[in-house]
Amino acid sequence: MTNDYKPLKSGTDIRGVAVETEGSPVQLTDEAVYRLTGGFARFLRELQVAPGSRIAVGHDSRISASRIKAQVVRALCDAGYCAVDCGLASTPAMFMTTVDFDCAAAVQITASHHPYDRNGLKFFTRRGGVDSADLDVIIRYAAEPLLPSEEPGGVVTADYMPVYAKRLRDMICREVNAEDYDRPLKGYHIIVDAGNGVGGFYASQVLAPLGADVSGSQFLEPDGMFPNHAPNPENKQAMDAVSAATVRANADLGIIFDTDVDRASCVDRHGKEINRNRLVALASVIALEGNEGGTIVTDSVTSTGLTAFIQDTLGGVHYRYMRGYRNVINKQLELNAKGVNCPLAIETSGHAAFRDNYHLDDGAYLITKIVIKLSQMGRDGRDLDALIAALHDPLEAREIRLKIRRDDFRSYGNTIIQALNLAARTQRGWRVANDNREGIRIFFDDPAENGWFLLRLSVHDPIIPINIESDAPGGAKRIAAKLLRFLQAFGCLDLSPLRSFVQSDL
């Protein structure tokens with residue numbers, strides 16, 4: 001058995017196959033989980049987290065959770081720590097155990113929105129989730145023997161989710177100006193689609209106790225096979241499901257969470273999605289209240305219309321950065337440390353970290369902010385869409401992903417980006433963006449194109465994603481055709497998806 005666990009690294013998380021399926025052997029074996037948790041224990045020792053300290057352990061609804069949890073707990077106890085078994089829990093709640101549950105660190109067992117046969121580990125200290133460099137250290141330690149403890153640790157069970165839910169209820173009660181303080185959401189109809197993940201608690205433990213009508217909510221029961229739809233706010237089937245349920249129930253708001261509730265999205269009372277750029281816009285409206293002129297950090301794929309909305313309509317600053325939720329959060333931390341007023345970092349995927357919530361990407365916290373805003377609008381103005389009416393949606397938008405057929409895909413992809421940057425500056429009608437912090441964005445001002453493309457390298461995979469937007473009919477295809485002509489010089493790039501789009505009928 002190899003002790004090289006680098007292939008299990010996914011950004012700042014551990015992820016891999018946890019349930020054997022045809023052609024997919026288990027990667028997160030008992031030994032791998034035990035050793036990786038042991039590596040985290042050694043990492044904690046170096047942070048002066050003393051043996052005997054409490055380490056919270058939680059998991060989402062996946063069918064492999066019990067097996068993996070047993071190994072996590074065993075490793076923590078062998079290292080001398082007290083494992084606090086929190087059972088079914090959201091990822092943000094596991095971090096919050098380090099804030100108000102006397103835990104020095106936490107481990108969450110989850111693979112986010114990935115299929116049922118996957119699972120993973122997320123590690124937290126009181127500083128937040130571990131960074132990529134920290135995870136490299138943990139993986140290196142995992143290849144070494146576990147540091148023994150003179151006194152083995154113990155295990156206690158504790159249900160933290162009711163404590164976490166009360167935090168959210170208290171937040172609503174404080175900020176909603178309602179006649180009935182104990183039931184400030186009385187008269188509001190809000191449905192939740194948990195996708196059979198962890199998020200069902202939000203309906204039963206947050207909304208309903210405050211008086212909201214949650215009838216019509218769906219898929220609240222945890223089921224690690226995810227039988228109804230992918231628990232993913234970026235999934236079309238999932239968004240169609242919550243939209244239909246909201247309209248069917250005649251609800252004021254529909255909410256959808258991913259499996260472990262670190263991401264969320266919603267739909268308005270008409271069933272219209274508030275997702276991706278629209279979600280970023282709504283979160284920005286909320287974050288910039290009391291933070292006039294503040295900076296909103298987003299990932300690189302956000303639209304030109306969003307920039308105009310944040311800067312021209314809201315009076316803020318839009319700072320595009322790299323994809324990856326830890327990347328945008330780390331940039332938020334860096335800017336605030338430099339004295340820049342940066343209240344929000346948010347990815348179009350739904351990861352949203354508010355400064356006033358420990359810079360934690362927490363889907364339930366984001367939704368709580370939105371619920372508060374909905375209630376503040378009053379019962380005669382329950383249309384969240386009105387808050388982002390000035391956001392311009394492009395006429396055409398498309399994402400195309402090209403495979404790189406080389407082992408050295410990262411250096412090859414960077415070579416393409418560098419060549420494109422040089423070529424664009426000599427092409428008539430091509431205008432390179434002045435805020436390229438990931439890949440390269442090029443504008444086309446010709447009225448027949450009137451748009452842009454962003455070409456970047458995937459954070460983890462041998463993929464070049466291309467995002468194209470245009471406000472001219474057929475403009476996206478014209479932009480794609482120009483890019484295709486340039487990329488034909490790179491023989492190790494699979495251009496078939498781009499070629500198919502150029503040749504298709506929109």
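Structure values in brief
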{"read-out": "Distant-in-sequence amide H partners of SER217 (H built 1.01 Å from N, under 5 Å)", "value": "VAL192"}
{"read-out": "Extension reserve of the ASP182-GLU150 stretch, reckoned as 0.36 nm per residue once the Cα distance is removed", "value": "6.5 nm"}
{"read-out": "ALA105 long-range amide H proximity, modeled H, under 5 Å", "value": "ALA56"}
{"read-out": "Cα-centre dipole for the stretch 163-388 with unit charges at Cβ (Lys and Arg positive, Asp and Glu negative), debye to 20", "value": "280"}
{"read-out": "Gap separating the Cα centres of the stretch 225-250 and the stretch 109-184, nearest whole Å", "value": "26"}
{"read-out": "Listed residue pairs exceeding 29 Å between alpha carbons, taken from LYS9/LYS69; LYS338/LYS369; LYS9/LYS403; LYS272/LYS331; LYS272/LYS403", "value": "LYS272/LYS331; LYS272/LYS403"}
{"read-out": "Among PHE486, ILE440, VAL33 the positive-end extreme of the charge dipole of the chain (Cβ point charges)", "value": "PHE486"}
{"read-out": "Vicinal HN-Hα couplings computed from phi for the stretch 383-388 (Karplus, 6.51 cos²θ - 1.76 cosθ + 1.60; Hz; Gly/Pro x)", "value": "10, 4, 4, 5, 5, 10"}
{"read-out": "Principal axis box of the stretch 352-396, alpha-carbon based, largest edge first, Å", "value": "34, 34, 14"}
{"read-out": "Relative contact order of the stretch 6-159, defined on C-alpha pairs under 8 angstrom at six or more residues apart (%)", "value": "34"}
{"read-out": "Whether the chain is rounded, prolate or oblate, judged on the alpha carbon gyration tensor where a/c under 1.5 counts as rounded", "value": "oblate"}
{"read-out": "Simple Cβ-charge dipole of the chain, Lys/Arg +1 and Asp/Glu -1, about Cα centre, in debye nearest 20", "value": "1240"}
{"read-out": "Residues MET96, MET225, MET161, MET377 arranged by fewest to most Cβ contacts within 10 Å", "value": "MET225, MET377, MET161, MET96"}
{"read-out": "Residue-averaged [θ]222 nm for the chain, counting only DSSP H segments that reach four residues, each worth -39500 (n - 2.57)", "value": "-10000 deg cm²/dmol"}
{"read-out": "Model label zone, SER500; criterion: amide N under 12 Å from point 7 Å along Cα-to-beta-carbon; scope the stretch 392-423", "value": "400-403"}
{"read-out": "Karplus (6.51, -1.76, 1.60) ³J(HN,Hα), θ = phi - 60°, over the stretch 252-266, in Hz, Gly and Pro reported as x", "value": "7, 7, x, 10, 9, 10, 7, 4, 9, 6, 8, 10, 7, 8, 7"}
{"read-out": "Tensor-based shape of the stretch 356-437 (alpha-carbon gyration tensor, a/c under 1.5 rounded, otherwise prolate or oblate)", "value": "prolate"}
{"read-out": "Dipole of the chain, positive direction: furthest Cα of SER90, LEU121, ILE464, with charges on the beta-carbon", "value": "ILE464"}
{"read-out": "DSSP beta bridge pairing in the stretch 33-169, given as percent antiparallel to the nearest 5", "value": "35"}
{"read-out": "Other-chain or far-sequence residues with amide H under 5 Å of LEU395's (modelled H)", "value": "SER470, ASP471"}
{"read-out": "Highest to lowest packing among 125-136, 420-431, scored as the average C-beta count within 10 Å", "value": "125-136, 420-431"}
{"read-out": "CYS266, CYS86, CYS103 arranged by Cβ crowding within 10 Å, fewest neighbours leading", "value": "CYS103, CYS86, CYS266"}
{"read-out": "Cα gyration tensor, the stretch 23-91 - rounded (a/c under 1.5), prolate or oblate", "value": "oblate"}
{"read-out": "Listed residue (GLY339, PHE219, ILE255) projecting farthest to the positive dipole end of the stretch 163-388, Cβ model", "value": "GLY339"}
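Computed from the coordinates by the stated procedures, all read-outs in this text should not be read as laboratory data. Keep in mind that this is a model prediction, so the values were computed, not measured. No Cβ is skipped: glycine too gets one built from the backbone with ideal geometry, and neighbour counts run over all protein chains shown.
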